[in-house]
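In what follows, a single structure is set out as structure tokens and then discussed.
The values are calculated or read from the model by the stated rules, or taken from the named source; none is laboratory data. No experiment lies behind these values; they were computed from the predicted model shown. All Cβ positions, even for glycine, are placed from backbone atoms using ideal geometry, and neighbour counts span all protein chains on display.
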Amino acid sequence: MLKKIVTTLLVLCLTAAVLVPAVAETAEAPEKKVINWDAERQQQFADAGYAGEFKTFGSSNISVMIPNDFLPGTLTEESIASGTLAAFLKLDGTMIAIAQSKPTGDVTVHNMDEVEEMARKANPNGNFQRAVVNGLDVLVYIIPEKDVSTVMTLLDNGEMFTVTCTRLSENKDLYSFVAASLQIKK
């Protein structure tokens, strides 16, 4: 009788040991925050005292709200070669840079999980969050020690479209609106 009880307990323990990891692997990832630039978001932008216009960039026609107090900057040949499409500056040196390029080196990414993995390796102290912005799967990450935020999405051609904003601590609300505006121009 004791042998049967021990055997039954052993079988239950082994079954639990097999099932727990299987259940954990099938558990869904946390839901991504969904953000849409709609009439309400546009009004929030205006109510916060901001004004700007959508500008379209890159081969995928991605539009981004560029605040009016950011003026177009001049790009160097090096920055153009690295994929920078545009840079916008405020008089205080704050910048929004738009880029589209393939990952450097022999790296190829196929999905946003790989994009996030690559970004985490490059910036282990960054704060990362995934979201869906106007239908685009994006990675938002902040590098506190550099006071920079970046929003990136993977394009169908394997390139990454990025919007990088400097001096985040002074422009956090504004950059939240810029990130929320990212969308494919139709």
Return yes when P67 is in contact with a Gly (Cβ under 9 Å, 6 or more places away or on another chain), in contact (Cβ under 8 Å) with a residue 40 or more places away in the chain and under 23 Å from S176 (Cα atoms) and no when it is not.
yes
Run A86 past the list (1) within 16 Å of L154 (Cβ to Cβ); (2) in contact with a Pro (Cβ under 8 Å, 6 or more places away or on another chain) and report the number of the one that doesn't hold.
(1)
Residue count, region 33-50 (criterion: within 13 Å of N134 (Cβ to Cβ) and of a type outside the set (A, V, I, L, M))
6
Test: residue in region 111-130 that is in contact with a helix residue (DSSP H, G or I) (Cβ under 6 Å, 6 or more places away or on another chain) and surrounded by 15 or more Cβ atoms within 10 Å (Cβ to Cβ):
no
In region 99-108, what residues are surrounded by 18 or more Cβ atoms within 10 Å (Cβ to Cβ) and either part of a loop (DSSP other than H, G, I, E, B) or hydrophobic (A, V, I, L, M, F, W, C) (or both)?
A99
Among (1) under 12 Å from the mean Cα position of the chain (by Cα); (2) over 15 Å from A122 (Cβ atoms); (3) of a type in the set (S, T, Y), there is one condition Y175 misses while meeting the rest; what is its number?
(1)
Taking the condition more than 13 Å from the chain's Cα centre (by Cα) and under 20 Å from R167 (Cβ atoms), does A81 pass?
no
Hey, can you tell me all the residues within region 47-98 that are surrounded by 17 or more Cβ atoms within 10 Å (Cβ to Cβ), aliphatic (A, V, I, L, M) and touching a helix residue (DSSP H, G or I) at 6+ places or on another chain (Cβ under 7 Å)?
V64, M65, I96
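Here is a yes/no grid of residues against (1) at pLDDT below 90; (2) more than 17 Å from G58 (Cα to Cα); (3) part of a strand (DSSP E or B); (4) among the polar types (S, T, N, Q):
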residue: H110; (1), (2), (3), (4): yes, yes, no, no
residue: V115; (1), (2), (3), (4): no, yes, no, no
residue: V151; (1), (2), (3), (4): no, no, yes, no
residue: N157; (1), (2), (3), (4): yes, no, no, yes
residue: S176; (1), (2), (3), (4): no, yes, no, yes
residue: K186; (1), (2), (3), (4): yes, no, no, no
